[in-house]
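To start, the structure under review is shown below, and the notes come after it.
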Amino acid sequence: MLRAARELGDRKCAYLHLFNHYFPTQGWDGPFDRALAQGMKNNFNGSVVLNGYSRDVESAERDIRDGLGDAVAFGKLAISNPDLPERMRESAALAEWDATQFYGDGQKGYNDYLAITRKRMTIGPT
């Protein structure tokens, strides 16, 4: 895996996307451990996008602060929270997703998730 990261970096790949599908149940203690992720980042010599955190925003933020990656990709969490960056900034509650609506043919889906309520500002005299 380290050699693959180095070879992709040498070929000027735009970024390296590391998906730890063990994270929701094992964190960095599974087969894809923290040392492997760090080694791949070090060998890639470019931007690394981390994925697999499910709803664990705190761990994702910690790993970015610790330099394990440069960005985090949230798939289902971003779909079910169209204002995810704002929710993260405000530590607002995260909406649950309904996986039965993903990639389907029905009328319900991506546009049915609501943003958090915001105060409306009035411009001009009140």
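What follows is calculated from the coordinates using simple rules that are stated; it is not laboratory data. On a predicted model such as this, the values are computed, not experimentally measured, just so you know. All Cβ positions, even for glycine, are placed from backbone atoms using ideal geometry, and neighbour counts span all protein chains on display.
Full extension of the chain between GLU96 and ALA35 gives 18.8 nm of extra length, using 0.36 nm per residue less the Cα-Cα distance.
Its Cα centre serving as origin, the chain has a Cβ charge dipole (Lys and Arg +1, Asp and Glu -1) of approximately 340 debye.
Working ranking of peptides 57-65, 35-43, 91-99 by packing, defined as the average number of other Cβ atoms within 10 Å per residue, highest first, is 35-43, 57-65, 91-99.
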